1. Tell me which residues, restricted to the stretch 24-51, are in contact with a helix residue (DSSP H, G or I) (Cβ under 8 Å, 6 or more places away or on another chain) and farther than 20 Å from THR129 by Cα.
2. Cβ-Cβ below 8 Å, separation at least six or inter-chain, first residue in the stretch 36-56 and closer than 17 Å to ALA84 by Cα, second among the small types (Gly, Ala, Ser) and part of a helix (DSSP H, G or I): which pairs?
3. I'd like to check something: does the stretch 6-29 contain any residue that is surrounded by 11 or more Cβ atoms within 10 Å (Cβ to Cβ) and among the β-branched types (Val, Ile, Thr)?
4. Among (1) touching a helix residue (DSSP H, G or I) at 6+ places or on another chain (Cβ under 6 Å); (2) assigned to a helix (DSSP H, G or I); (3) not aromatic (Phe, Trp, Tyr), where does VAL73 come up short?
5. Working only within the stretch 19-35, note down all residues that are outside any helix (DSSP H, G or I), in contact (Cβ under 8 Å) with a residue 60 or more places away in the chain and on the phi < 0 side of the Ramachandran plot.
6. What's the number of the condition PRO142 fails, among (1) touching a residue at least 12 places away in the same chain (Cβ under 8 Å); (2) in a helix (DSSP H, G or I); (3) closer than 25 Å to PHE43 by Cβ?
7. Kindly evaluate LEU8 against the criterion of being of a type outside the set (S, T, N, Q) and either farther than 30 Å from SER81 by Cβ or in a loop (DSSP other than H, G, I, E, B) (or both).
8. Are any residues in the stretch 84-111 assigned to a helix (DSSP H, G or I), farther than 19 Å from GLY34 by Cα and within 15 Å of the chain's Cα centre (by Cα), and if so, which ones?
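Each value in this text was obtained by applying a stated rule to the coordinates, not by laboratory testing. From a predicted model like this one, the values you see are computed outputs, not experimental measurements. No Cβ is skipped: glycine too gets one built from the backbone with ideal geometry, and neighbour counts run over all protein chains shown.
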Amino acid sequence: MGYYRRALGLDYPILPDGWVNFSWSDTKNGYYIGALAIFTLVFGIVRWIERNRLGYYFRAVREGEETAESLGVNSTVVKLSAMALSAALAALCGAFFAQYNYRVDPPMVMSLDMSMKFVLVTILGGIGTLWGPFLGALVLVPLQEYTRAYLSFLGAGVDLMVFGLIIIIVMIKQPQGIMGVINYCIEKTKGKEGDA
């Protein structure tokens with residue numbers, strides 16, 4: 001009779017508190033500041049890319065690889081750049097996550113629930129936009145906590161059913177997500193000002 005091999009995860013060593021080790025045991029203030037700094041850095045990098053030539057290349061390859069190639073864009077380099085950049089930013093956030101939890105384990109970061117949250121946040125906020133994932137997280141994370149707190153008596157997974165219903169409604173009514181709604185309202189406002 002054999003035994004099952006499985007990933008056991010890694011424990012982060014307990015180190016003295018402070019910015020040198022980026023570790024705090026008595027307060028979470030350092031983690032909040034660190035998370036804000038990482039958010040600002042990542043947001044700034046994405047904003048810079050969006051306004052730079054590389055951002056135009058990313059959009060061109062996304063919209064039509066063959067068309068981008070015909071205009072002189074090397075789609076292989078662009079796709080490798082996108083993958084390397086996303087891996088670097090994910091690694092930065094993953095390192096913060098591991099230090100915050102003092103442990104990293106495959107079910108913690110690669111569960112279906114966590115993967116679905118990433119996708120749902122992006123779809124709800126607006127795919128391919130700078131502010132979309134931020135707005136999606138701003139709506140979805142508090143909604144998850146409220147549904148967990150107030151609908152937990154209905155059983156496990158109710159929050160995921162609510163999310164699924166929201167995503168179905170968003171994809172049918174407004175496929176561009178929250179950013180699509182905001183852009184629609186801005187266009188309507190501009191149209192009314194133009195008529196006046």
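1. TRP24, TYR31, GLY34, ALA35
2. Filtered contacts from the stretch 36-56: ILE49/GLY55; LEU54/SER81.
3. Scanning the stretch 6-29, I find no residue that is surrounded by 11 or more Cβ atoms within 10 Å (Cβ to Cβ) and among the β-branched types (Val, Ile, Thr), so the answer is no.
4. Result: VAL73 fails condition (2) only.
5. Selection gives SER23 alone.
6. With respect to (1) touching a residue at least 12 places away in the same chain (Cβ under 8 Å); (2) in a helix (DSSP H, G or I); (3) closer than 25 Å to PHE43 by Cβ, PRO142 is out only on (1).
7. It is true that LEU8 is of a type outside the set (S, T, N, Q) and either farther than 30 Å from SER81 by Cβ or in a loop (DSSP other than H, G, I, E, B) (or both).
8. LEU85, SER86, ALA87, VAL109
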